[in-house]
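Structure first, then comments.
The values are calculated or read from the model by the stated rules, or taken from the named source; none is laboratory data. Small disclaimer: the values here were computed from a predicted structure and weren't measured. Positions of Cβ are generated from backbone atoms using ideal geometry, with glycine treated the same way; all protein chains shown enter the neighbour counts. Keep in mind that these areas ignore ligands, DNA and RNA; they rest on the heavy atoms of the full protein, side chains included. Shrake-Rupley method; radii C 1.70, N 1.55, O 1.52, S 1.80 Å.
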Amino acid sequence: MKESDIELLKHVAEVEDSLDPESLAGKLGWRSRDVGVWPGTLMKLRMGGDIEDVYESNSYHGYRLSQKARAMLITGAPAYAEVHQEQKLEVPDDIFEDIIGHEEVKELLRACLTAQKVVHVLLTGPPALAKTLFLWDIERIGGELAVWLVGSAISKAGLWDLVAQRQPKVLLVDELDKVNAADTAALLSIMEGGRLVRAKKGRELDIKVEVRVVAATNTESRLSPELRSRFAIRRLSLYGRDEFRTVVRGVLVRREGVELAIAEEIADRLDGRSQDVRDAVRIARLAPSLGVLRAIELLVPRG
């Protein structure tokens, strides 16, 4: 068992032992918010036999530590053996083949993903560029070694527990300017010294993590100077009309499995109406039921 998991179980045990037996949590078991642990992390502990259900309804799910976990905390013996294998991120030469232009950005990202030492990259610029496409491609080749986050929708447990549990090689953060203060502190800790450090009593955490952060934002000015200084920053330029049509065709055919003729129709009809590839993806998904033209009229009406 990882040291971070043992510390987490110690924290849960402290909370559980402090509960009033006559309280709701004391009778029905504690909830995720009672112990301040992400539900996904609790599910992992439950599957490993470290916590168990006490009560479950539509509005309440109560847990308690299992006897197995209690015994492990008393004896100090791990509940299961941890097998740590160093995995290397394999970056193919054609990783960004569906992205037109931005050749220097491609070269920079390939170099940073394969460099012996960590370099973090921030892609910035107006909406509807290829920033998210770059993150998609890295996630595709990274598999389990890559974690995708959207700054406006990071879970309540946040980066601390997520990175500690998953220990990815690449952290992909879209909408970086919308990341909250606590998660920004975690990012700064990861990016500065390659360590994830948390000093909160009962939730102490100090692990070494070698994570490359690739992030995107539309608004670089909203980021703190401390956060900006951790990144190599590249500002992307708008696509030309021909480039945009080529990008749309590539994304729809390769990622969405759309027939080439339909992809070309969507690309041609969007010309002059949108420069956002995500509009093309939404249209392609609605086209089978609405038709391409009607989907465009509903999703991207003319001003």
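Okay, here's what the table says:
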read-out	value
For the chain, calculated [θ]222 nm from helices alone, where every DSSP H run of n ≥ 4 adds -39500 (n - 2.57)	-13500 deg cm²/dmol
Efficiency of FRET from Cβ geometry, Asp271 and Glu90, R₀ 35 Å, rounded to 0.05	0.45
Rg and Dmax of region 227-275, Cα atoms only, in Å	14.7, 45
Sites Ser221 and Glu256, calculated FRET efficiency, Cβ-Cβ separation with R0 35 Å, nearest 0.05	0.55
Between region 106-150 and region 215-251, the Cα center-to-center distance that results, in Å	11
Dipole magnitude of the chain about its Cα centre (Cβ charges: Lys, Arg +1; Asp, Glu -1), debye to nearest 20	440
Rounded percent of accessible protein surface that carbon and sulfur make up, region 226-294, 1.4 Å probe	45
Carbon/sulfur fraction of accessible area - region 13-77, other protein chains in place, 1.4 Å, %	52
The chain: relative contact order as a whole-number percent, Cα under 8 Å and 6+ apart	17
Bridge type composition, the chain - antiparallel percent by DSSP, nearest 5	35
GluC sites (Glu not before Pro) restricted to DSSP loop in region 1-52 with at most 13 other C-beta within 10 Å	Glu22
List Lys88, Lys68, Lys169, Lys131, ordered by accessible area with a 1.4 Å probe, largest first	Lys88, Lys68, Lys169, Lys131
Heavy-atom accessible area per residue - the chain, 1.4 Å, Å²	53
Listed pairs Lys68/Lys208; Lys131/Lys178; Lys68/Lys88; Lys10/Lys178; Lys44/Lys117; Lys10/Lys44 exceeding 26 Å between Cα atoms	Lys68/Lys208; Lys68/Lys88; Lys10/Lys178; Lys44/Lys117
Rounded to whole Å, sorted largest first: equivalent-ellipsoid semi-axes of the chain, Cα gyration tensor	42, 24, 17
Modelled label reach - Arg302, point 7 Å along Cα→Cβ, region 249-274 residues with backbone N closer than 15 Å	269-274
Residues listed by number, region 6-40, amide nitrogen under 13 Å from Met47 label point at 7 Å toward C-beta	40
